[in-house]
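Worksheet: one structure, shown below.
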Amino acid sequence: MACVIKSERGYNIFVEADMNLGHPRRMLEGVVDYLHGRALHRRLHWGSELPSKLSLERAGFDGLIRYHFHEPYDSHGLPTVWISSSRYLKGATHAVPDHRAVGRLAGEHFIERLYTQFAYVGLSDAAYARERLEGFREAVGDAPVREFPVPTDPGLSSAMRGFLKDFLHSLPPHCAVFGTDAQIHHVATLCHAEGIRVPEDIALLGADNDVLLIHSSPLSYSSIDLDSERIGQRAAECLESMLQSGRDDGQIVRVPPRGIVLRASTDHLATDDTVIVRAVRLIRQEACAGLTVGELCRQLGMGRRAFEKRFRSVLGKSPDAEIRRTRMERAAHLLASTRLSVEQVAETCGFADAFYFSTAFRKAHGLSPREWRRRPA
């Protein structure tokens, strides 16, 4: 399969990746996007396996972007950028997610939802799994993290499924579980079969935001968007630099995650106070529609003073602060992921005045809406 991006003056590039997975496919889209915007167009080919040395020579390939590690990692003498982080090759250039930042983001997401019990399901021998676990531990502090190591094969044997089932039943109430989408898919399937309620009994958070995998799960789960397209762009940028300079600097380019795509599996608070759980859910649903604390109290059937005291005792902040935070979070997401104007984002998030919105956004994020949109990934 080949993309029609070619020029006799350009480079001939092969991207090796498994296009059945969402993350590698979006990285390929990032490569295409970068190359398409360059003054000297290239010819781009891709496939799930690297062609033989003879095939590469006959096709006149200049450089490679590779996802799979197959010993002895032979790229047949061609400049290569690696976009996998299951391991890091000494002296080779990699463009990968910032996995420690991914882990920290997961931990912060759970902490914000009042979780104090944590578990991690991940591959036992992958570099990125270790880095994510390290970031996760950094975010949750001294709280213990229960670990369930998974073999490197993509599926689970019947014995491993049995071990995972026992592990899930051993978790304490209100436990937050983090892992890749592939592993959380197994967890969600077992929770559905075993009658373990999500998110009431355990909360689930994946990483990769592989929509096909998530939507094929019996339970839809939240997931971290790795900004795969940006990783592909950086990989193409690194390869271009290598082709032009003739040097491989052996750098590891780490791209921070874009954010969390929130779904029902973490849309919950780890508290038995059903009034506060309902209040937070209403805030998330209606904050951008102009919800006020007074309207929130009316829907809950509570007096304002008693409600504000109860809300602060559980969450450590006022309901008005949570409404503002929710609106700012939505605004930041729209600025980063859409082409809506600042005025349109302001209106969508419940602000009647764009100037007031810009002032509030700068106070919340330290940047104006336009600066936020232009910031490096």
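The values are calculated or read from the model by the stated rules, or taken from the named source; none is laboratory data. All values derive from a computational prediction rather than experimental measurement. Quick reminder, even Gly has a Cβ in these numbers, built from the backbone with ideal geometry, and neighbours come from all protein chains shown. Just so you know, the surface numbers come from the protein's heavy atoms only, side chains and all, with ligands and any DNA or RNA stripped out. Shrake-Rupley method; radii C 1.70, N 1.55, O 1.52, S 1.80 Å.
The charge dipole of the range 52-151, taken about its Cα centre with unit charges on the Cβ of Lys, Arg, Asp and Glu (plus for the first two, minus for the last two), comes to roughly 120 debye. Summary of packing: across the peptides 182-194, 246-258, the per-residue average of other C-beta atoms within 10 Å ranks them, highest first, as 182-194, 246-258. As a size descriptor, the averaged projected area of the C-alpha convex hull of the range 10-156 was calculated at 10.9 nm². Among L269, L300, L50, which one shows the highest mean-square fluctuation when the chain is modelled as a Gaussian network with alpha-carbon springs under 10 Å? Highest fluctuation of the listed residues: L300. If you plug the beta carbon distance of R278 and T348 into 1/(1 + (r/R0)^6) with R0 = 22 Å, you get a FRET efficiency near 0.35.
For the chain, the orientation-averaged shadow of the C-alpha convex hull comes to 21.2 nm² (one quarter of the hull surface). In the range 194-350, the alpha-carbon atoms span a convex hull of 168 Å³ per residue. Based on the reciprocal of the average 1/r between different C-alpha atoms, the Kirkwood radius for the range 330-377 equals 10.4 Å.
Taking all protein chains as present, what is the carbon and sulfur share of the accessible area of the range 325-377, in % to the nearest whole number, probe 1.4 Å?
Ligands and nucleic acids excluded, carbon and sulfur give 53 percent.
Taking amide hydrogens as placed 1.01 Å from N in the peptide plane, the amide H of W82 sits under 5 Å from those of R66, T93, H94, A95, each at least 5 positions away in sequence or on another chain.
Run the helix sum for the chain: -39,500 (n - 2.57) per DSSP H stretch of 4+ residues, divided by residue count, reported at 222 nm to the nearest 500 deg cm²/dmol. Provide the component values of the computation, followed by the final result.
Values: 15 runs with 177 residues, N = 377.
Result for the chain, helices only: -14500 deg cm²/dmol.
Computed from phi, the 3J(HN,Hα) profile of the range 189-198 under the Karplus parametrisation 6.51, -1.76, 1.60 (θ = phi - 60°) reads 5, 5, 4, 4, 6, 9, x, 7, 6, 10 Hz, with x in place of Gly and Pro.
Over the range 80-228, the hull volume per residue, using the convex hull of the C-alpha atoms, is 111 Å³. The candidates K53, K90, arranged from most to least accessible area with a 1.4 Å probe in the full protein assembly, appear as K90, K53.
Across the range 276-368, what fraction of all alpha-carbon pairs, as a whole percent, falls in each successive 5 Å bin from zero upward? Result, from short to long distances: 3, 14, 24, 22, 15, 13, 8, 2, 0 percent. Counting Cα-Cα pairs of the range 246-293 in 5 Å increments starting at 0 gives whole-percent bin shares of 5, 14, 16, 15, 13, 7, 6, 5, 5, 5, 5, 3, 1.
Both radii are taken from the alpha-carbon atoms of the range 159-287; with Rh as the Kirkwood radius, Rg/Rh is 1.13. How many nm separate the modelled label positions at R324 and V261, each set 7 Å beyond the Cα in the direction of the Cβ? Taking the two extended label points, one gets 3.1 nm. Using equal-weight Cα scatterers in the Debye expression, the normalised intensity of the range 12-66 in log10 at q = 0.14, 0.18, 0.29 Å⁻¹ is -0.37, -0.60, -1.18.
Give me the 1.4 Å probe accessible area per residue for the chain, excluding ligands and nucleic acids, in Å².
Counting only protein heavy atoms, the per-residue value for the chain is 49 Å².
For G63, the residues whose modelled amide H falls within less than 5 Å of its own, excluding neighbours fewer than 5 places apart on the same chain, are N12, F14. What residues from the range 282-297 fall in the zone where the backbone N is under 17 Å from a label point 7 Å along the Cα-to-C-beta line of K309? Only 297 pass the distance filter. Can you give the angle from 0 to 90° between the axis of helix 304-315 and the longest principal axis of the chain, with both taken from C-alpha atoms, to the nearest 10? Tilt relative to the chain: about 40 degrees. In order along the range 51-57, the phi-based Karplus estimate (6.51 cos²θ - 1.76 cosθ + 1.60, θ = phi - 60°) of 3J(HN,Hα) comes to x, 5, 4, 5, 5, 5, 5 Hz; Gly and Pro are listed as x. Under 5 Å between amide hydrogens, built in the peptide plane, is the criterion, and for S223 it picks out G206, V261, R263 among residues at least 5 positions away or on other chains.
Put simply, when 26-33, 291-298 are sorted by average Cβ atoms within 10 angstrom per residue, most first, you get 26-33, 291-298. Considering only the other residues whose Cβ falls under 13 Å of the Cβ of V293, what net charge follows from Lys and Arg at +1 and Asp and Glu at -1? The answer is +3.
In order along the range 90-97, the phi-based Karplus estimate (6.51 cos²θ - 1.76 cosθ + 1.60, θ = phi - 60°) of 3J(HN,Hα) comes to 4, x, 9, 8, 10, 10, 9, x Hz; Gly and Pro are listed as x.
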